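Structure first, then comments.
All of the numbers you see were taken from the coordinates with simple rules; none came from a lab. Please read these numbers as outputs of a predicted model, since none were measured by experiment. Virtual Cβ from ideal backbone geometry, glycine too; neighbours counted across all protein chains shown.
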Amino acid sequence: MRFNRLSHQILLVFVLVIIVCLGISGWYMLQISGNIVTRKISEGDQNFAGRIAQEVAAEMASVKPTLTLLAQTRGLRFMEATEVKGEIDRVQKSFPEITNIYVADVEGKQIARTGTEELESVSKIWSFQVAKGGDELVSDIYLKPVTSEPMQTITLPIMDSGAVVGVLSADISFQRVMCSVMDIDVGGNGNVVVVADNGRVVAHTHMEQVPELDLSRLSAVEAVLAGEEGTMKGYTDELGRQVLGSYTPIRELGWGVVIQRPLADIDAEVGQLRTTILWVTIAGVFLAVLAGALVARQIAKPIGQLASASERVAQGDLSTPVDVKSSNEVGVLAHSFNQMIVSLKKSRDELQQWGEELERRVHERTAELEQRSQELADTNVSLEEMSRHKSQFLANMSHELRTPLNSIIGYTKLMLDGLEGDINEEQQKDLHTVYTNSKYLLELINGLLDLSKIEAGKVVLSYQTFSISELLAGVIPSMEQLAREKGLTLTYSVAPDIDHLYADKAKTKQVLINILGNAVKFTNEGSIKLDVAESDGDFIFSVTDTGIGIKEKDLEAIFDSFRQVGPAQIAGYEGTGLGLAISKQFVEMQGGRIWADSELGKGSTFTLTLPKKRVASP
Ligand code: ADP
């Protein structure tokens, strides 16, 4: 038998419960076994004593009344002696216990007697004298000489009209009672004692061993002669033994029956009972272990099978189902378990298929990405190439265009100023148009040149230390001039601690001019203000105007090249759309940021930061 842990536990619980139950009941039985045996014996003995008492009573009780009746029969007085003889012979025949009867007259002369002996005088016998005095006399039990049979003599006065007219005497033998009592086997070393009303032994199982006939001092005899019925334990009997005595009175005679049993016998019987109880308990425990083992196996085996099946499943083996045949809950569990294994297997197979499919698709896709990225890389290379060519072309073109354009602007200015001779109004108007368009063209070309240089990576930062006032001196006067022309005021403020900057001075100046120039251009009335402040790591330039403002959605787009938004697209705000794009590049190249905040119709604030420490050019 294979014990797993569950079966051990079941067995343990089973055996423990049985052992505890059997132990408790066994212990209790052991405790009360003495009482049980004693009660059983005393009950039996008492029954027995009662039956003996009934028998003795039946045998003896009618003797005395019969004799009394005989003594009172008037007939005896008037009968012939022979007739009296016949009468007492008849009585003796009816009662074999009566061994002798005589009838005497008041002088003590026997009139008749049973048997064949000669009639004699009884005048000297004490019992006769007592009876003659009108009293009846029942002698003590005595042993008859030679035969030793227990005897009793009853002597009665024969009455006639209140006067004693004779005496009747009878000897009664208890031989038969004694023999029947001696034949009784109460088992073991127990004995039966029949005692007369004076405590003398009438009959005894072992008459020959009785040292003394008078047992009136024995406790059980005392009790039974007092008319009690019961059991007495632990007194010393006439043979000197500690006994259990069960007694019943023979009420008809005033006698008693006592059955006595040595305590040693009872102890032996108790011991036997205890041994039996012990063996029954041991056998019970043994059977419990056996039954427990069987039950545990019955319960634990299928559960064990389930457990090892679930271990197999946990290790991924879905091929072997659980082999449990029982139809109880465990059987149902095993059945469900097997069904679960089947669905698990199905799901696993499906999952496996999906996995393979997924892997295949991923594989295909990866190949396709790889291919695309190769194509993209190639495209990038050619795009970069093209971009570089474009920038180079633009730089060359711009350079080539700037020289003639500068001549056009210069000569137009000369003519407009009248240095080449007088011109009429029409000519002046046309020349002015040429002049402004050329300037715009130059501005555009300069912007394009800047941007293409930036894109071609040809712009190099040139850092230097310069004072803030030096920077502002190159910016403010020309801007003030522009503002004043449009009727605007331009103010500026510099935070007190700002002293020197370390940056690309020319590019910073270009950015400021561009932002201030836009502020003037897109403001029709009000003011423009430049603030120079600082934070922990940056110098912060902000230009605030009260101009036309920018829609929120356009705030980022304005930093793209060629982007003009809102009213700026409308005539009057001419521009190239390149200024902010270039400014953004110049600021970011130096590690700074530029952004705009604005409310349409109310004004704008353009802010740029420049880090206080030098950063590498990108
Ligand atoms: P532009 O030469 O047109 O001024 P910029 O790049 O400098 O080119 O500016 C781009 C556009 O940003 C302008 O056309 C105008 O729509 C808008 N903008 C720039 N500054 C302001 C300003 N201070 N107020 C309103 N709009 C502005």
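Odds and ends about this structure:
- Hz values of 3J(HN,Hα) by residue in region 278-289 - Karplus curve (6.51, -1.76, 1.60), Gly and Pro given as x: 4, 5, 4, 4, 4, 4, x, 5, 4, 4, 5, 4
- Computed from backbone phi, the HN-Hα couplings of region 490-504 come to 10, 10, 9, 9, 10, 4, x, 7, 7, 10, 10, 10, 10, 7, 7 Hz, rounded to whole numbers (Karplus: 6.51 cos²θ - 1.76 cosθ + 1.60, θ = phi - 60°; Gly and Pro given as x).
- Length, then width, then depth: along the principal axes, the Cα atoms of the chain run 224, 60, 40 Å.
- The Cα center of region 196-231 and the Cα center of region 371-440 differ in position by 163 Å.
- At 1.306 mPa s and 10 °C, Stokes D of region 419-536 from Kirkwood alpha-carbon radius, µm² per second: 92 µm²/s
- Computed with the Debye formula from one identical point scatterer per Cα of region 252-352, without solvent, the log10 of I(q)/I(0) at q = 0.23 Å⁻¹ comes to -1.13.
- Put in line by how crowded their Cβ is, counting other Cβ atoms within 10 Å and starting with the fewest, His8, His204 read His8, His204.
- Cβ-based exposure ranking for Asp105, Asp171, Asp267, in which fewest neighbours within 10 Å come first: Asp267, Asp105, Asp171
- When the convex hull of its Cα atoms is projected in every direction, mean area for region 233-294 (nm²): 6.5 nm²
- Region 479-518: C-alpha gyration tensor shape, a/c 1.5 cut-off, then a/b vs b/c: oblate
- Taking every alpha-carbon pair within region 142-212, the share separated by more than 17 Å comes to 53 percent.
- Evaluating 6.51 cos²θ - 1.76 cosθ + 1.60 at θ = phi - 60° for every residue in region 255-261, the Karplus couplings come out as 8, x, 10, 10, 10, 10, 9 Hz, glycine and proline recorded as x.
- Reference-scaled alpha-carbon Rg (2.2 N^0.38 Å with N residues) for region 504-610: 1.01
- Here the Kirkwood formula, the inverse mean of 1/r across different C-alpha pairs, assigns region 353-485 a hydrodynamic radius of 20.7 Å.
- Remark: for residue pairs Lys390/Lys602; Lys439/Lys612; Lys413/Lys553; Lys429/Lys551; Lys390/Lys505, the C-alpha separation exceeds 32 Å in Lys390/Lys602; Lys439/Lys612; Lys413/Lys553; Lys429/Lys551.
- Region 20-84: equivalent-ellipsoid semi-axes (sqrt of 5 x gyration tensor eigenvalues, Cα, Å): 60, 7, 5
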